[in-house]
1. Looking for something outside any loop (DSSP other than H, G, I, E, B) and more than 9 Å from chain A (Cβ to nearest Cβ) - is there at least one such residue anywhere in region B:249-266?
2. Within the group A:17, A:66, A:37, which residue is basic (Lys, Arg) and out of contact with any strand residue (DSSP E or B) (no Cβ under 7 Å at 6 or more places or on another chain)?
3. Determine, yes or no, whether residue B:257 is surrounded by 20 or more Cβ atoms within 10 Å (Cβ to Cβ), under 17 Å from the mean Cα position of the chain (by Cα) and of a type outside the set (S, T, N, Q).
4. If I filter region B:40-52 for residues that are touching a residue at least 60 places away in the same chain (Cβ under 8 Å), within 20 Å of residue B:261 (Cα to Cα) and of a type outside the set (Gly, Ala, Ser), do I get at least one hit?
5. Condition first: among the aromatic types (Phe, Trp, Tyr) and away from every other protein chain (no Cβ under 14 Å). Now tell me which residues in region A:262-303 satisfy that.
6. Could you list, in sequence order, the residues of region A:249-285 that are of a type in the set (Ser, Thr, Tyr) and touching a residue at least 40 places away in the same chain (Cβ under 8 Å)?
7. Just to be sure, is residue B:193 among the polar types (S, T, N, Q) and within 23 Å of residue B:111 (Cβ to Cβ)?
8. State whether the residues of region B:15-34 include one that is of a type in the set (Asp, Glu), assigned to a strand (DSSP E or B) and over 18 Å from the mean Cα position of the chain (by Cα).
Amino acid sequence: MITANDPRLEMEFCGMRFGTPLVLLSGCVGFGEEYTRVKGFSNRDAGAVCLKGTTLEPRLGNQPHRVYETPAGMLNAIGLQNPGVDFVVRDILPTLDFSETRFIANVSGSTVEEYYEVTRRFDDSPIDAMEINISCPNVKEGGVAFGNDPQMSARVVAACRRATSKPLIVKLSPNQTDIAANARGCLEAGGDAFSVINTLMGMAIDLDSRTPVIGNNQGGLSGPAIKPIALLKVHQVYQVCREHRVPIIGQGGVQSARDALEFLIAGASAVGLGTALFYDPLICKTINAGICDYLGRHGLSHVSQLTGSLRLHERPPVVCGC
Amino acid sequence: MNHPETRGTIFLEDAEVLSHQAHPGDQYLLRIQAPECAAAARPGAFVHLKCDPQLPMRRPISIMRVDAKSGWVDLLYKAVGEGTRLLAQRRPGEHLSTLGPIGKPFEVHGERPRVLLIGGGVGMPPMVFLASSLRPAGGHTPWAPLVILGSEVPFPFQPRPSQILVPGLPPAVIAAMPLLDDWGIPNRLASLQGYPGCFDGYVTDLARHWLESLDDQARGQVEVFACGPHPMLAAVARLAREFALPCQVSLEEYMACGLGGCAGCVVQVDTPKGPAMKRVCVDGPVFDAYQVFS
């Protein structure tokens, strides 16, 4: 099987070398070591691993239930449980094998100042890049409250920019009216790349108790159910990114090489995996092989040739038939 | 660079269904061929099963027995939701993607050889697995276990009068699980449903009978292990506290990755540093009862 280190998959992302275009998404793989419990799993099969959302102080996170299966997807509301940035930098990062993949911190907070401070502390660490999480739907302050307000999004990005010269990847929320406008503002504020999209807000209800199943009442919906939405959002953000050569990590319901290819064609340079890992922890190998197979069958020499290769239908004038 | 010892300890296997028996009360006994899991599993561990290709999430199911030589793993589960109902349709010869063994196992301690195992409903399997590890080998064992199993639906086996005398229990309580009896493990059954030979009451009431029959020295050698519904575990923890006994409980929670990656399956525990959220999958499923039920 073709796996990592196939030259057709190796790429540069914001100056970082990715072994493959696959990125393991924040909140799905803990702090980078958890999935290595599975025999056959290797962080080398992913171009980068995004660590769990990290705040200035430790957070307990939300009460259970935190996850629940829904049709073609799942809800989660973890609530940014994490041990705080100082613990992550001091006790976790030294245990990670940076020769295996690129490790990206996920910066979260309740205030602009907190985002700045967390970024600053990660700047003074071996971390390769930072993803700014302005789209977490499961916390009361910060998160999506910032991400859905273009001005606030830009303020957060600008603050983080002041704190580091490492690559800043802005994770955009789908729970907003004009994602492209927000992306434009974040670019002007100093963002280097985008993660598109975070989860969509949703709810599940227990009929016996007439209460929400999720302890946080609402949660973020992920999985194949959201893939068409994510594809469109990637396409929309790509329209902003294309001229600036700003890369996108496309994500949302990717389960197969076919899904990953669709995201690349829509405009993504890399493809994020989250919920699919819960189902198949060794899925990176399968998707890497599937992408290589597609490249071979279509006479392409490198995965980057796919990015933004979408050919839209020309829009004929609509004639009202009624 | 030194990598953690946890690397490569969980196996993803395409496990063949060897047998699948339905029992009353929507209970199913499933035997799968998963040799790597069977060789590595310890009592308390579980597997994370892909029940059906249409479902986006796996289901955690505790292990009841393994045979490392033959490579099979026995699971007992109750069909309660969509996932387990679809699992119940799997037939011998089909394959199930199996991730396991997962979880921190039970720990027995030599200074407390009187091991009291309490299992309720689908909490029975981990107790059977733990009991299997306490079997007399060559007629000798340092362990003096007692297993108490409770169910409010017919037991997923045919109870029979025990061949093993257990001092301190009501004499009419004779129903036992044949498998445990054959292993030489003293055991009794409890139910509120009036099943013949079973103790008419809660598992904790029967456990109390036994604990009160012990003298102080013997009671000081008891450690309690339990798995079952949350109210039962809370009652077991209260009983253990009353008799000042150490107690380990196995918990369940909705679970996504099963590998410690998502922190979706947490339980709040008390630690010396204050409250903490622990992952049932890899920090558990076995926890100190006093940390969970404070």
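1. yes
2. Matching residue, one of A:17, A:66, A:37: A:17.
3. Details: surrounded by 20 or more Cβ atoms within 10 Å (Cβ to Cβ): yes; under 17 Å from the mean Cα position of the chain (by Cα): no; of a type outside the set (S, T, N, Q): yes.
So residue B:257 does not fit the description; no.
4. yes
5. Matches in region A:262-303: A:263, A:294.
6. Of the residues in region A:249-285, the ones of a type in the set (Ser, Thr, Tyr) are A:256, A:269, A:275, A:279.
Matches in region A:249-285: A:269, A:275.
7. So residue B:193 does not fit the description; no.
8. Within region B:15-34, one or more residues are of a type in the set (Asp, Glu), assigned to a strand (DSSP E or B) and over 18 Å from the mean Cα position of the chain (by Cα).
The values are calculated or read from the model by the stated rules, or taken from the named source; none is laboratory data. Since this is a predicted model, take the numbers as computed values, not measurements. For neighbour counting, all protein chains shown are included, and Cβ atoms are generated from backbone atoms with ideal geometry for every residue, glycine included.
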